[in-house]
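Below is one structure, written out as structure tokens; the observations come after it.
We did not get these values from a lab; they are worked out from the coordinates using the rules stated. Quick caveat, the model's predicted, so the values are computed rather than measured. Every residue, glycine as well, gets a Cβ built from its backbone with ideal geometry; the counts of neighbours run over all protein chains shown.
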Amino acid sequence: MAVKIREMKPTDRSRWDCYVAAHTGGTFCHRAGWKTVVEKGAGQVCPFLLAEKNNEIVGVLPLSLRGSWLFGKALVSTLFTVYGGPLADDTEIYAALDEAAWALAISNGIDVLEYRSIEARHEACARPKRPDNSSWTIQKGQSATFQKSLKSNEVDILLDIPRKQRAVVRKSLKNGLRCVWDKNIDVFYGLYAESVRNLGTPVFPKKLFRELLVQFGDDVEIQVVYASDGKALASLLSFYDETKVLPYYAGGGIDARKYGAHDFMYFNLMLKAASMGKTTFDFGRSKIGSGPYQFKKNWGFEPVSLEYEYRVTDGAVVSDLNASSGKFETLVKVWKKLPLPLANFIGPYFSRHLG
């Protein structure tokens, strides 16, 4: 039978997630709940595509429409995630999902289709080779992901950390810090918002994080590190799937570095994940050469360069949304100086297009 491509319905969610969990390329970022998270939390439109044969799911493709006058238009798989792209049973179904997504982009006046792939499936071509004058380009060498097997007990986890970083962790364990695990969005968001403002980046909408908690339930957890005097120093929102833990959104106050709060926080997350039976620690995506990139290498994680894929029409330009690029240099400097309440008020208007 021919492959049928249609948009996911609410009643498809359980089957969608089962397919993602069973697929070798499936990630937390492919889950059906992201549709509601991005639509309700960031006000975007997310046409999640589903491929069927004989009423069985044989492929999925989560998508988000970004239509911003400032940051450009694109159809992305998917906004606010670090991984994405289609999952399918075979090359025929992959091709069908590609063409359905491209048709969706063109019908919405969009000339850039972005897949946040770990490993590219397409080959880049120097010039358009398709009848519609579009071509694939592959972005390599800009960002990397970090994943590592997680030891099963505290002693082995500590010994698996390189010597210099292990000394930093041990020092943090003597600072009287404690971790609290809960769903306190307010404490987490306050630290996260302060942290991204200090980096010159607009904060994501608070309702985005609320939706993450609603849609993913016990697979999302908030961790806050407190000093002995009760002051909140650092916070982290992490995702769990069947075998992995993925620390995703982190923030810290002005005293976090002095106490080694982030080192304490990640080490305690490793311990908790191991106690839950998780076997992989996914440190997520970082720009190559950045501070977070080096921080993760210090923990003994080896970077794997991500291969993001873009299908574009002839002459179309892929938007560079890197905060460190020259076009945003002035904006970053100004943003760092904004009073925190003002940054938190206006930030979500811009950041809902930056995920």
- request: Report, in debye and to the nearest 20, how large the dipole of the stretch 50-191 comes out about its Cα centre when Lys and Arg carry +1 and Asp and Glu carry -1 on their Cβ.
  value: 1200 debye
query: The list [x] 58, 53, 38; [y] 70, 50, 43; [z] 64, 45, 37 gives values of Cα extents along the principal axes in Å, and only one came from this structure; which label was calculated from it?
result: [z]
message: Need the C-alpha centroid separation for the stretch 155-191 versus the stretch 198-277, integer Å.
response: 10 Å
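Under the classification rounded if a/c is under 1.5, otherwise prolate if a/b is larger than b/c and oblate if not, where does the stretch 144-305 fall, given a ≥ b ≥ c as square roots of the Cα gyration tensor eigenvalues? Don't skip to the end; give the middle numbers.
Values: a/c = 1.28, a/b = 1.17, b/c = 1.09.
In terms of gyration-tensor shape, rounded.
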Cβ-based charge dipole, the chain, positive-most Cα from GLY230, THR81, ALA316: GLY230
task: Indicate the gyration tensor shape class of the stretch 143-236 (rounded, prolate or oblate), computed on the Cα atoms with a ≥ b ≥ c the square roots of the eigenvalues: a/c under 1.5 is rounded; otherwise a/b larger than b/c is prolate and the rest oblate.
output: prolate
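Rounded to the nearest 20 debye, what is the charge dipole size of the chain about its Cα centre when +1 sits on each Lys and Arg Cβ and -1 on each Asp and Glu Cβ?
Values: 47 positive and 38 negative charges, 289 e Å.
Rounded to the nearest 20 debye, it is 1380 debye.
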statement: So, relative contact order of the stretch 196-338 in percent, Cα under 8 Å, 6 or more apart, is 24 percent
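Of all DSSP beta bridges in the stretch 144-305, what percent run antiparallel (nearest 5)?
The answer is about 95 percent antiparallel.
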message: If you take every residue apart from ASP219 with its C-beta less than 11 Å away from the C-beta of ASP219, what net charge results, scoring Lys and Arg +1 and Asp and Glu -1?
response: -3
query: For the chain, what does -39500 (n - 2.57) per DSSP helix run (n ≥ 4), summed and divided by total residues, give at 222 nm, in deg cm²/dmol to the nearest 500?
result: -10500 deg cm²/dmol
query: Quick one: net charge of TYR293's neighbours, Cβ under 10 Å, K/R +1, D/E -1?
result: +4
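Only four residue types carry charge here, +1 at the Cβ of Lys and Arg and -1 at the Cβ of Asp and Glu. Report the dipole size of the stretch 144-305 about the Cα centre in Debye, rounded to the nearest 20.
Details: 24 positive and 17 negative charges, 136 e Å.
It comes to approximately 660 debye.
Among the listed pairs LYS40/LYS140; LYS35/LYS207; LYS40/LYS278, which have their C-alpha atoms separated by more than 20 angstrom in this model? Can you show the working numbers first?
Numbers: LYS40/LYS140 32 Å; LYS35/LYS207 14 Å; LYS40/LYS278 30 Å.
Over 20 Å Cα-Cα: LYS40/LYS140; LYS40/LYS278.
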message: Cut-off 10 angstrom, C-alpha nodes, Gaussian network model of the chain. Which of LYS174, LYS151, LYS272 fluctuates the most?
response: LYS174
task: Work out the charge dipole of the chain with +1 on the Cβ of Lys and Arg and -1 on the Cβ of Asp and Glu about the Cα centre, then indicate which of TRP16, THR91, ILE254 is farthest towards its positive end.
output: ILE254
statement: Looks like the stretch 272-355, by Cα gyration tensor root eigenvalues a ≥ b ≥ c and the a/c under 1.5 rounded cutoff (else prolate when a/b is bigger than b/c, oblate otherwise), is oblate
